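Q: One structure, as structure tokens, below. Some questions next.
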Amino acid sequence: MAITQVNVPDIGDFDSVEVIEVLVAEGDEVALDDSLITLESDKATMEIPSPVAGKITKIAISVGDSVSEGDYILDIEAEAASAPAAEAPKEKVKEEAVATPAPAAESKPEPQVVKQPAHNVPAAAKPVNPQAMGAAFHASPSVRSFARTLGVDLTTVSGTGPKGRIQQTDVEAAVKAVMSGQAAAPGQTAGSGIPPIPGIDFSQFGETTTEELGRIKKISGKFLHASWLNVPHVTQFDECDITEMDQFRKDQKAAAEKQGIKLTPLVFVMKAVVKALQDFPSFNASLSEDAQSIIYKHYYNIGIAVDTPNGLVVPVVKDVDKKGIYELSQDLMEISAKARDGKLGPKDMQGGCFTISSLGGIGGTQFTPIVNAPEVAIMGLSKAKMQPVWNGSDFEPRLIMPFSVSYDHRAIDGAEGVRFTTTVAKYLSDLRQLIL
């Protein structure tokens with residue numbers, strides 16, 4: 001039998017990711033595609049599958065290690081009928097969580113409950129302050145980015161990782177300490193910041209059940225909270241007449257089905273949004289880290305919020321401006337299936353310019369989605385319904401779709417926000433204008 005050396009496959013644009021689970025032990029028998037380890041970055045959680053069937057003979061990593069693409073993981077004594085592979089295929093990387101913060105349709109995220117002093121670290125992890133040792137602080141790029149987002153000076157944070165390395169939990173603890181008044185941020189007095197919600201024992205009022213949040217909600221929740229705290233949100237509500245658009249979609253339905261394509265209103269919205277982004281470049285942009293410059297993007301990648309059994313994820317459809325309705329429909333079908341099966345890779349959720357969150361298939365009238373930072377705007381689609389519309393002489397039934405756009409007020413003024421929504425409504429009301 002041959003020994004197959006398993007390495008970390010393509011994990012996207014990440015320098016290193018942490019091993020959070022080792023799912024096998026030496027001597028275990030594994031089948032093809034059985035999960036071996038779980039990796040977690042600041043954007044996603046990925047399970048690395050076995051490229052062959054066989055027996056685990058050696059494990060070279062452990063929980064807490066940081067690994068990069070190509071790093072050696074373990075050895076498998078492959079069965080004779082199993083073809084060895086040097087690297088797990090990209091499409092076999094199973095992803096459970098998102099990179100970019102998912103838009104929230106239900107409500108604003110609430111501050112976390114702080115039940116004990118947040119600056120206390122676990123007894124097993126003794127904090128080390130690199131500054132006290134005369135050394136610069138050590139932190140991964142993702143932790144540095146997270147600290148910048150929250151405005152935390154890492155020179156004031158004590159690290160609990162190996163050799164005093166600052167981890168994300170250390171940054172969170174520093175922020176919670178300031179918020180609860182147990183520590184003062186530079187230039188602030190103790191007690192400033194957002195006051196925490198006091199902990200309550202709800203069982204005193206009746207029976208309760210506690211369940212841990214899913215991994216996707218934990219990861220996306222941090223980014224949603226950071227976006228809500230850092231981005232000055234404004235939401236513009238509007239509606240558009242999609243009667244002709246929906247009739248055109250129905251007329252094309254049979255032809256699309258012959259090609260195995262499901263034609264939905266969302267693809268028409270994507271095309272209208274891209275045309276509006278070209279008209280209003282400030283919506284297809286991001287602010288620089290110091291918020292003193294605006295970075296305009298000359299590509300048009302649209303994030304689509306997808307509801308899955310594990311939570312909301314936001315895969316990205318690339319180059320929407322260069323694709324037709326049928327091709328976009330095919331892309332949507334593929335990414336939706338991958339999202340529901342937990343097979344989205346990191347690259348599937350990167351590079352978005354603007355996000356669309358559609359609840360039209362469920363119901364509701366209007367909602368305020370949270371900006372998917374570092375993007376500066378997000379659209380929320382609600383359920384369309386027939387309404388009587390006055391045409392000048394009498395009322396006629398028209399299919400009206402309500403929608404909303406939340407945007408970063410630092411990058412987009414209110415007047416421009418209204419012009420953007422009315423422009424999108426104009427294109428959806430008359431698709432012929434998309435070719436002008």
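Q: For the stretch 11-36, which residues satisfy the criterion of being within 22 Å of residue 339 (Cα to Cα) and either at pLDDT 90 or above or in contact with a Gly (Cβ under 7 Å, 6 or more places away or on another chain) (or both)?
A: Residues satisfying the conditions are 12, 36.
Q: Still on this structure: Which members of the stretch 326-352 meet the condition of being touching a helix residue (DSSP H, G or I) at 6+ places or on another chain (Cβ under 8 Å) and crowded, with 18+ Cβ neighbours inside 10 Å?
A: Selection gives 328, 329, 332, 335, 338, 344, 345, 348.
For every residue, the table says whether it meets (1) surrounded by 15 or more Cβ atoms within 10 Å (Cβ to Cβ); (2) closer than 17 Å to residue 429 by Cβ; (3) of a type in the set (Lys, Arg).
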| position | (1), (2), (3) |
| --- | --- |
| 240 | yes, yes, no |
| 253 | no, no, yes |
| 265 | yes, yes, no |
| 269 | yes, yes, no |
| 273 | yes, yes, no |
| 276 | yes, yes, no |
| 285 | yes, no, no |
| 292 | no, no, no |
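Q: Of everything in the stretch 326-347, what is in contact (Cβ under 8 Å) with a residue 40 or more places away in the chain and closer than 22 Å to residue 41 by Cβ? Give them in sequence order. Please lay out each step first, then the result.
A: Going through the stretch 326-347, the residues in contact (Cβ under 8 Å) with a residue 40 or more places away in the chain turn out to be 326, 328-330, 332-333, 342-347.
Within the stretch 326-347, 342, 343, 344, 345, 346, 347 qualify.
Q: Being acidic (Asp, Glu) and within 28 Å of the chain's Cα centre (by Cα) is the filter here; which residues of the stretch 20-75 pass it? Show your work before the answer.
A: Of all residues in the stretch 20-75, those acidic (Asp, Glu) come to 21, 26, 28-29, 33-34, 40, 42, 47, 65, 69, 71, 75.
Result: 21, 33, 34, 40, 42, 47, 65, 69, 71.
Q: Any idea which of (1) buried (at least 16 other Cβ atoms within 10 Å of the Cβ); (2) within 29 Å of residue 226 (Cα to Cα) is the one residue 76 doesn't satisfy?
A: For residue 76, the failing item is (2).
Q: Now for a separate question. What is the number of the single condition among (1) part of a helix (DSSP H, G or I); (2) farther than 24 Å from residue 427 by Cα that residue 307 does not meet?
A: It fails just one condition, (1).
Q: Let me ask something additional. Evaluate the stretch 359-379: report whether one residue or more is at pLDDT 95 or above and out of contact with any strand residue (DSSP E or B) (no Cβ under 9 Å at 6 or more places or on another chain).
A: Checking the stretch 359-379: not a single residue is at pLDDT 95 or above and out of contact with any strand residue (DSSP E or B) (no Cβ under 9 Å at 6 or more places or on another chain).
Q: The conditions are (1) over 19 Å from residue 301 (Cα atoms); (2) crowded, with 21+ Cβ neighbours inside 10 Å, and residue 380 fails exactly one of them. Which is it?
A: Single failed check for residue 380: (1).
Q: Of all residues in the stretch 341-396, which are out of contact with any Cys (no Cβ under 7 Å at 6 or more places or on another chain), charged (D, E, K, R) and not in a strand (DSSP E or B)? Give the steps one after another, and end with the answer.
A: Taking the stretch 341-396 as the starting set, the residues that turn out to be out of contact with any Cys (no Cβ under 7 Å at 6 or more places or on another chain) are 341-374, 376-396.
So of that shortlist, the ones also charged (D, E, K, R) come out as 341, 343, 347-348, 383, 385, 394, 396.
If the condition is that a residue be out of contact with any Cys (no Cβ under 7 Å at 6 or more places or on another chain), charged (D, E, K, R) and not in a strand (DSSP E or B), then 341, 343, 347, 348, 383, 394 are the ones that fit.
Q: With respect to residue 306, is the statement that it is modelled with pLDDT of 95 or more, within 23 Å of the chain's Cα centre (by Cα) and not small (Gly, Ala, Ser) true?
A: For residue 306, the condition - modelled with pLDDT of 95 or more, within 23 Å of the chain's Cα centre (by Cα) and not small (Gly, Ala, Ser) - is not met.
The values are calculated or read from the model by the stated rules, or taken from the named source; none is laboratory data. Note that this is a predicted model, so its numbers are computed, not measured. All Cβ positions, even for glycine, are placed from backbone atoms using ideal geometry, and neighbour counts span all protein chains on display.
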